[in-house]
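The values are calculated or read from the model by the stated rules, or taken from the named source; none is laboratory data. The structure presented is a predicted model; accordingly, all values stated were derived computationally and were not measured. Positions of Cβ are generated from backbone atoms using ideal geometry, with glycine treated the same way; all protein chains shown enter the neighbour counts. SASA here: full protein model, heavy atoms, side chains in, ligands and nucleic acids out. Shrake-Rupley method; radii C 1.70, N 1.55, O 1.52, S 1.80 Å.
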Amino acid sequence: MFRIERVEALSSNIYLMDVYAPRIAKNALPGQFLIVRVDEEGERIPLTICDYDAEAGTVQIVFQTVGAESYRMAQLKKGDCFADFVGPLGRPSDLCEMPLEELRKMKLCFIAGGVGTAPVYAQLKWLKNQGVTADCIQGARSKDILIMEDDMAAVSNLYICTDDGSYGINGNVCVALQKLYDEGKRYDRVIAIGPMIMMKFVCQLTEKLEIPTIVSMNPIMVDGTGMCGACRLMVGGEVKFACVDGPEFDGHKVDFPQAMQRMALYKTEEGRLYLEAKEGATHHGGCGNCN
Amino acid sequence: MAMDMMKKVPVREQDPQVRAHNFEEVCLGYNKEEAEAEALRCLNCKNPRCVQGCPVSIDIPGFINKVKESDVAGAYAVISESSALPAICGRVCPQESQCEGKCVRGIKGEPVSIGKLERYVADTAREMGIKPQGAAEKKGKKVAVIGSGPSGLTCAGDLAKMGYDVKIFEALHKAGGVLVYGIPEFRLPKSAVVQKEIENVQSLGVEIETDCVIGKSTTIDALMEEEGYDAVFVGSGAGLPKFMNIPGEQAMGVFSANEYLTRSNLMGAFSEKSRTPIMRAKKAVIVGGGNVAMDAARTALRLGAEVHIVYRRSEAELPARAEEVHHAKEEGIIFDLLTNPVEIHADEKGWVKGITCIRMELGEPDASGRRRPVEVPGSEFDIECDCVIMSLGTSPNPLISSTTKGLEINRRKCIIADEENGQTSKKGVFAGGDAVTGAATVILAMGAGKAAAKGIDEYLSKS
């Protein structure tokens, strides 16, 4: 069992937790993920690691309540335990393997969307510790759901943008990146982490701007160790497993339409489970469709 | 009881029509009378060829004699000298090509039903609360076992009996490896059988740490250098699924058998209680002819599908156990033999809607000695379906070999280990099971785990 040491609600539906998992805390690197299971009947849910403290033995996760499992996770309090918490899985960001001199010369721009902000934080913090301060565009639909602003500002040159213009640059992350580009900013690499649709549009833009772009894919997974192939996606015409070959890939080579389609595989079933978790039942009667 | 000594005492099974709709065990096993009647068929040969056919060399006539005498505890003690997992082996070993395949009775009639007798002894001993005996004296040396499948459990059990402190590291959240994620409930009950045999191994003093991926959560080098393990056994299995690389394989509704079975078996998705989803197909095509293909097919059937098995060779070459093929047919699974998939078709939303196959014929024998299937030109035809499950075999996971200094692998990514004692190219590290051989059987993995336990004992006794 893996004890929850801290819980913080970052917005109305985004939660941060520190979990005691010393093996992961000791071996994690930015870019990697872990798999969590709430209880004995729960699904295995992959989450990107956002921070880790080897000394305290804790690992930080940030998640949004989007389905039945994350809704159940959000009900847990400090002192409660996850049934399972396994990792670190996947390959670390290849920035971690670059010679430091080369890394320090690189002009990097991170793009963080929504709950994808958390894994970007892990990378920015690691870079900051290596003496590299990267640019970062953090996007949110609106000011009230923006998360981790102070943390992000502490480890990067932060540019915030909101879709509704309530804070920072008026527009989505692509508008913000184009704006920085038009102002004369040039980057050797963009690293985009967020909803698939956001990463897809960022890749379309950076292809035009000719900036190599890395994305972090988060498809449906079961075991997370290469065993099941549920997370397979096409990258440059080849089948790759996000869990062992990724989760980070060359964004210009990822087949996004297919990857997005595959996310819909269990949509109906997930929706039903979410209702069950929230309302205790899915059959309220009266709709005429139940039997 | 009047009986034909040339024939096995028939074993009771769930009716095919009934079991096609449930996940309860197909075979119900012998009761006392049936087991003792079957035991009488054993000729108690002076040179028992059945023992030579057993990868872990169980004293088969020895335990059958005890069954004749109604001494189940004695029979269990005889089996336990060689096997830690008899309730499992009695159910999943390919007896027809091992012990029973060599039985003298089999020359003129049917061989003794050794597998069913082993199962009877293990199940009855469990019901009587009999546990295997642990070590009298501790050796004060630590061994790490990676993977809690058949080879790991066997190796760990044997080492614990010798007095070593053993800890198993398991990547998944439940111990058992392929016994838990791969083989379905209706063939090998999880809580009633697998869990109990794992508890038996634990009762010998073996510790199990789940949720620990060696190569990620820690490494073999760290286990030896930082956590004080004197030797390591790698029994990490062959977990990586193969695909065909044909067009349309990315469509929704195409799964590896590993994924489909893991969802159903490990995650319990067949049951209403589990929150892990699984596709309940209308018509499923399973590609492949091994035990895993049969398991996937019979799982899909139980989840409500019409099921076709598409296999490129003929019935004689089906690698699955005869009993599994027989059961699958009884349950109404359709075998499309000498048939090979060419392309999978998806609808506009990306869901599988059919598969194009081509007819095959058998040509000259290939490297495996089986006649090579050759395409019949122009014989393509379509099967309408909403689900395709690829069951083409698996290969070892490189997670361990790629993170362990000095551990050599061959070109098939299998760890190179001595067959006699499991020794690898790295000092103190032993390996066995599918991680070494590539996908094989439960009992061969157990045999390798046993050999490695002996090898580890010899190594640690010297140092």
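Just to verify a result, which residue in the range A:205-240, among those that are acidic (Asp, Glu) and within 14 Å of another protein chain (Cβ to nearest Cβ), is most open to solvent (accessible area, probe 1.4 Å)?
A:Glu238
So is A:Glu248 within 11 Å of another protein chain (Cβ to nearest Cβ) and among the acidic types (Asp, Glu) or not? Here the answer is no, as A:Glu248 does not meet what is asked. Of the residues B:Ala73, B:Ala77, B:Ala35, the single one that is open to solvent by less than 20 Å² (accessible area, probe 1.4 Å) and in a helix (DSSP H, G or I) is B:Ala35. When you look at A:Met196, is it touching a strand residue (DSSP E or B) at 6+ places or on another chain (Cβ under 8 Å) and under 21 Å from A:Val173 (Cβ atoms), yes or no? No; evaluated as a whole, the condition is false for this residue. Among B:Glu199, B:Glu209, which is within 14 Å of another protein chain (Cβ to nearest Cβ) and among the charged types (D, E, K, R)? Checking each option against the conditions leaves just B:Glu209. Scanning the range B:110-119 turns up at least one residue that is touching a strand residue (DSSP E or B) at 6+ places or on another chain (Cβ under 7 Å) and open to solvent by 10 Å² or more (accessible area, probe 1.4 Å). Would you check if B:Glu185 is touching an Asp or Glu at 6+ places or on another chain (Cβ under 9 Å) and within 30 Å of A:Pro46 (Cβ to Cβ)? Taking the combined requirement at face value, the residue satisfies it. Could you please find all residues in the range B:277-292 being closer than 21 Å to B:Val194 by Cα and either open to solvent by less than 10 Å² (accessible area, probe 1.4 Å) or away from chain A (no Cβ under 14 Å) (or both)? Result: B:Asn291, single match. Taking each residue of the range A:16-45 that is at the interface with chain B (Cβ under 9 Å from one of its Cβ atoms) and within 19 Å of A:Pro119 (Cβ to Cβ) and looking for partners that are acidic (Asp, Glu) and assigned to a loop (DSSP other than H, G, I, E, B) with beta-carbon atoms closer than 9 Å, six or more apart or interchain, yields A:Ala21/B:Asp211; A:Ile35/A:Asp223; A:Ile35/B:Asp211; A:Arg44/A:Asp223. Tell me yes or no: at least one residue of the range A:26-37 is in a loop (DSSP other than H, G, I, E, B) and either out of contact with any Pro (no Cβ under 7 Å at 6 or more places or on another chain) or among the hydroxyl-bearing types (Ser, Thr, Tyr) (or both). Scanning the range A:26-37 turns up no residue that is in a loop (DSSP other than H, G, I, E, B) and either out of contact with any Pro (no Cβ under 7 Å at 6 or more places or on another chain) or among the hydroxyl-bearing types (Ser, Thr, Tyr) (or both).
Could you say which residue among B:Met252, B:Met267 is facing chain A (nearest Cβ under 9 Å), out of contact with any strand residue (DSSP E or B) (no Cβ under 6 Å at 6 or more places or on another chain), at negative phi and of a type outside the set (S, T, N, Q)?
None of the other options fit; the residue is B:Met267.
Within the range A:89-112, is even one residue of a type outside the set (Phe, Trp, Tyr), without any contact (Cβ under 8 Å) to a residue 40 or more places away in the chain, open to solvent by 50 Å² or more (accessible area, probe 1.4 Å) and closer than 30 Å to B:Ser191 by Cα? No - not one qualifying residue is present in the range A:89-112. Would you check if there is a residue in the range B:225-239 being of a type in the set (Ser, Thr, Tyr) and more than 14 Å from every other protein chain (Cβ to nearest Cβ)? Within the range B:225-239, one or more residues are of a type in the set (Ser, Thr, Tyr) and more than 14 Å from every other protein chain (Cβ to nearest Cβ).
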